[in-house]
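Report on the structure given below.
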Amino acid sequence: MTALTGVLAPVVTPFGTDGELDLDAFRRNVRMHIGTGVSGIVVAGSTGEAALLDEAERGAMIEAARELVTGHRVLLAGTGAESTRTCLRLTRAAAERGADAALVVAPHYFTASMTAEALFGHYRRVADGSPIPVVLYNIPKYMHFQLAPTLVSELAMHQNVIGIKDSSGDRELLAVYLNNQNERFAVLTGSGALFQTALQHGAKGAILAVSLFAPALAMEVWGMMQSGDIAAAERAQALLSPLSNRIVGDLGVAGVKAAMDLVGLAGGDPRSPLLPLTPRSRKSIRQLFADAGIGGAAQAGVAH
């Protein structure tokens, strides 16, 4: 598969008025995300409400995305689960449906029991049994712990573990993870607020929810860093950070979906028990867009 690099879009899961998966809306979104220049698509991640999806829905979206994610772009599928057995089943199913790699969040329900030994055994079994490469996923906000640097260092030596997405937002932790990066193992940030900083310190790219509704800014940070124009990248980052912090960080999936609605994409309501945004929160997103100079689909950089 193509190396993990650039901006990858962790797509949302659109639901119809009946609360069921809307595959047509999903396909429209994926086409538009690809049109913005992202280097990959992530299905069934945190932003995709993976914890609220059944296996048939996951499979249907991977298949639909595979038809659209072509050429040099990569398709990642979230396959994390609480049991190693289920994680392996989800990972093999994702491979059968065309995913290039699996994004695997650590088991975390039995938090106190998730020792380094338990997590190493889990990830090693998944990597050994997976027909596609594995990407580690560190998201303390939902896991309630972080993947220890020593654990990541050990797992990075496994030939079927090709990277890590770090959504901790912790600069120091990211720096330690970056010590493991090489031609085979990529470090990606999941923090839109730290995107430019992560790239400046050597990260190979990012998986960014903020890129779903502000792709022009995300791609500008990436492009300017690639061309060496750090000042321009910092200016774009200054506009991107509040959108990431307030919409993705504070408002979560419902906020991301509402923001997508405002730029002409299919966001809609999240699945129960998640609640849609209040009118007041939607108004705050409009103000954030105004502050960032985003007035609609064209200015957001969303292709139609």
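What follows draws every value from the coordinates through simple rules; no lab data is involved. Model, not experiment: these values are computed from the prediction. Quick reminder, even Gly has a Cβ in these numbers, built from the backbone with ideal geometry, and neighbours come from all protein chains shown.
With contacts taken as Cα pairs under 8 Å and at least 6 residues apart, the chain reaches a relative contact order of 18 percent. Among Thr91, Thr5, Thr86, Thr79, a tally of other beta-carbon atoms within 10 Å of each Cβ gives an order, fewest to most, of Thr86, Thr5, Thr91, Thr79. Each 5 Å bin from zero holds the following percent of Cα-Cα pairs in region 96-217: 2, 11, 22, 23, 20, 14, 6, 1, 0.
Treating each Cα of the chain as an identical point scatterer and summing with the Debye formula, the log10 of I(q)/I(0) at q = 0.13 Å⁻¹ comes to -0.86. Rounded to the nearest 20 debye, the dipole magnitude of the chain is 180 debye, with +1 charges on Lys and Arg beta carbons, -1 on Asp and Glu beta carbons, and the Cα centre as origin. Measuring between their Cα centroids, region 22-66 and region 216-276 lie 17 Å from each other. The orientation-averaged projected area of the convex hull spanned by the Cα atoms of region 1-138 comes to 8.3 nm².
Taking other C-beta atoms within 10 Å as the exposure proxy, Asp18, Asp261, Asp166 rank Asp18, Asp261, Asp166 from fewest upward.
With only the Cα atoms considered, region 147-263 has a convex hull volume of 104 Å³ per residue.
Would you mind checking the pairs Lys141/Lys204; Lys141/Lys165; Lys204/Lys257; Lys165/Lys283 and listing those with alpha carbons more than 21 angstrom apart? Beyond 21 Å between Cα atoms: Lys141/Lys204; Lys204/Lys257; Lys165/Lys283.
Taking one quarter of the surface of the convex hull spanned by the alpha-carbon atoms of region 100-165 gives a direction-averaged projected area of 4.1 nm². For Asn179 and Glu96, the FRET efficiency from 1/(1 + (r/R0)^6), where r spans their Cβ atoms and R0 equals 35 Å, is about 0.50. Between Asp128 and Gln287, the modelled labels are 5.5 nm apart [label points 7 Å from Cα along Cα→Cβ]. Pick from Gly205, Gly48, Gly264 the residue whose mean-square fluctuation is largest in a GNM of the chain, springs joining Cα atoms under 10 Å. Checking each option, the largest mean-square fluctuation is seen for Gly264. DSSP beta bridges confined to region 6-300 are antiparallel in about 5 percent of cases. Tally Lys and Arg at +1 and Asp and Glu at -1 over the other residues with C-beta under 15 Å from the C-beta of Asp166: what net charge comes out? After counting each charged neighbour, the total is +2.
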